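Notes follow once the structure below has been shown.
Taken together, the values in this text are just the output of simple stated rules run on the coordinates, not laboratory data. Every value quoted in this text rests on a predicted model; they were computed, and no experiment measured them. Here the Cβ is made from the backbone with ideal geometry for all residues, glycine too, and neighbour counts use every protein chain on show.
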Amino acid sequence: MDTARPGLVEPKPEPPSWTLRVRQQIERRLPMDHLLPDRQPYYVGSWVYVFGVVTIAALGWVVVSGVVLAFMGPQWWHDSSLGRFVNSIHFWSVQAFFIFMVLHLWGQYFMAGWRQGRASTWLIGVVIFGVSILTAFTGYLSQQNFDGQYIAINAKDAMNAAGAGAFFNVLNFGQMYGLHVMLLPIGVIFLVAWHIVMVRMRGVVKPIDAEGATR
Amino acid sequence: MDSPATYLHWGFILISTPNLLVIGGMLVLFAIALVAPFPHGGKDEDGHG
Amino acid sequence: MKSMQTQEEYYSGVRMVRYDLVKELVLAVAGVGILVLGLSVVLSSPDVPPATIATWALSDPVDFQTTATNELAGTTTSAAYGNPYNTNGPGQSWGPIAPQKWFGTRIPIDSANTFVIQPLQRAATGNTDLLAQLDVWQKASPDQQGKWTAAYTKALTTATVKDGQVTVADGDYGPLPVMMTNLLGLAQTGGLDGLLQVNGRFYQTDYTPSLVFMGDGAYLPGLAAQANLTGNQWGMMNETGRYPGQTWLWLYTMWYQVPPFNSPTGFLGISSANADLGIIILMTLLTVALALVPFIPVLRDIPRWIPIHRLVWRAYYSPKVRS
């Protein structure tokens, strides 16, 4: 009973709101100024740090060119010079994606970027690498040209030896194409988003031997 | 670009010139990234540049 | 747990400077775009047209007929493959590890029927000679069939080709000359591409029969070898023409070039006969190891021992040195 204002009845306590709890968890783990900080520790001052964002940029070009190719259908780029040009963008942005991803891997390895609670960020990165290889593989198999033909004929033996060939038939264009244009890109994009969120949640790792140091 | 690539053969290694350029280029790019000066941003919270 | 430490706690005492992540991303997209568009304009991308059964039958009719005869004889790669195509072979195994066998015959291919008999039966409408010869073949004993295929295969090694037609020396080959001549003719017109791809349906997107058949011959693999695409030429890494290939597969393809994977006798049960299985197991282990680097001694300590990080963080280690 509120003695200052007699007669006012205090409301009954509300049952906890799940929505509120989720929002509070997100705000605690990844507040907006951690998701989009305009400051970084002073030691983030090397071009090696740039390889990650350049990889994301390359992935953007891969996806955009891939969407155009998917919209126009798998035959288009063989018959149209504009189609061939869009395919070239897709081809070279894939090259750029892998080049910068591996440079990013080298950088993170030699910086031991997994330290101080960041092992799961590293692990997701390795998974992205593996899923990207699989995505590229299904892409090469979807080319419908000589290269794709021979890759299929040659790769089937490794898939079959592993038992995977019974479910993942590299000679089945429909299956490989569906994996390549939909399922695997969704996987890569989801994993990359998760990877970025984890980097932003924990912040950039400190230099080696800086544990506890506050320079 | 559709004519056959040149292949280099050292021992058990057999690599095409374009692939060698890509790998060599990556090593050079990594080395440059390590040593090239990085433009320092604007002022920090204390006003130091 | 360190991961639950807030960023404010983690960076306590660390000097923070302005850093524009969004601008960096926009510049990266623009920079990569200029690079990629430039390469596309100047170099385009590879697109070597696919081989077909028709081009195979026209370019190398002897190899075509040899392959087709071997399909009937059961001596091709696909005929004796094992699962998932059939149970005519054991597949690859390493001791008790034999995943090729575990999932059954999920993509059934009966080489003799799929590649030779059924297409000929479909194409034999109105061709009484071919129908009669097919009948002779079907009614013959396996022993008799084996004699014919052995004799015809041997005769093909000295065959002559004129105007795309194959001529062999006289001999007892049973119905094979009629069957093979018809199959060759069918293939050269593109009819066999059609029959194997469509296989009685209208719509389809699965090229398994055509590709397996072409892989059984020497023509398509021969073209691949010229382009350095085969397994023991580091082929997994390579692209047609002068384009870069899949350089990220270097470690995967490297193992095929070294013992025991390229050796017939091998080591510890791994040889060229089960190289695919051995390498898949090895690369799975190495990939898991890469994922678990943070927890593996020595691997996780190399960055401390090889101090490349001192270049990356030179502002931290030598604070007086300003670029």
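In table form, for the structure just shown:
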item	result
Computed over the stretch A:1-110: relative contact order in percent, which uses C-alpha pairs under 8 Å that are six or more apart	26 percent
Sites C:Arg242 and C:Arg304, calculated FRET efficiency, Cβ-Cβ separation with R0 35 Å, nearest 0.05	0.25
Rg and Dmax [Cα atoms of the protein assembly as shown; Å; Rg one decimal, Dmax integer]	30.3, 121
Selection from C:Ala289, C:Val136, C:Thr247 lying farthest towards where the dipole of chain C points positive, charges on Cβ	C:Ala289
Computed FRET value (nearest 0.05) for A:Phe71 with A:Leu8, which takes r as the C-beta separation and R₀ as 45 Å	0.10
Label-to-label distance, nm, for residues given as C:Ala289 and B:Val28 (7 Å Cα→Cβ offset)	3.2 nm
Shielding by partners, peptide C:102-112 (average Cβ within 10 angstrom, other chains)	2
From phi via Karplus (6.51, -1.76, 1.60), per-residue ³J(HN,Hα) for the stretch C:16-31 in Hz, x at Gly/Pro	9, 10, 5, 8, 9, 5, 5, 4, 4, 5, 4, 5, 5, 4, 5, x
Computed E for C:Val258/A:Arg23 - FRET, C-beta separation, R0 60 angstrom, nearest 0.05	0.60
Once exposed loop chymotrypsin sites (Phe, Trp or Tyr not before Pro) are cut out (DSSP; at most 10 other Cβ, 10 Å), longest piece of chain C	C:1-201
Pairs of Cα atoms farther than 26 Å apart, the stretch C:53-226, %	30 percent
Gap separating the Cα centres of the stretch C:72-120 and the stretch A:74-109, nearest whole Å	36 Å
Magnitude of the charge dipole, chain C, Cβ model with Lys/Arg +1 and Asp/Glu -1, debye to 20	1820 debye
Relative contact order (%) - criterion: Cα under 8 Å, at least six apart; region: chain C	16 percent
Amide N proximity, the stretch A:107-139 versus A:Met182 label position 7 Å along Cα-to-Cβ, cut-off under 14 Å	none
Sparse-neighbourhood loop sites, chymotrypsin sites (Phe, Trp or Tyr not before Pro) in the stretch A:126-215 - DSSP loop, at most 15 other Cβ within 10 angstrom	A:Phe167
Lysine pairs meeting the criterion (Cα under 21 Å, 8 or more apart or interchain), as found in the protein assembly as shown	8
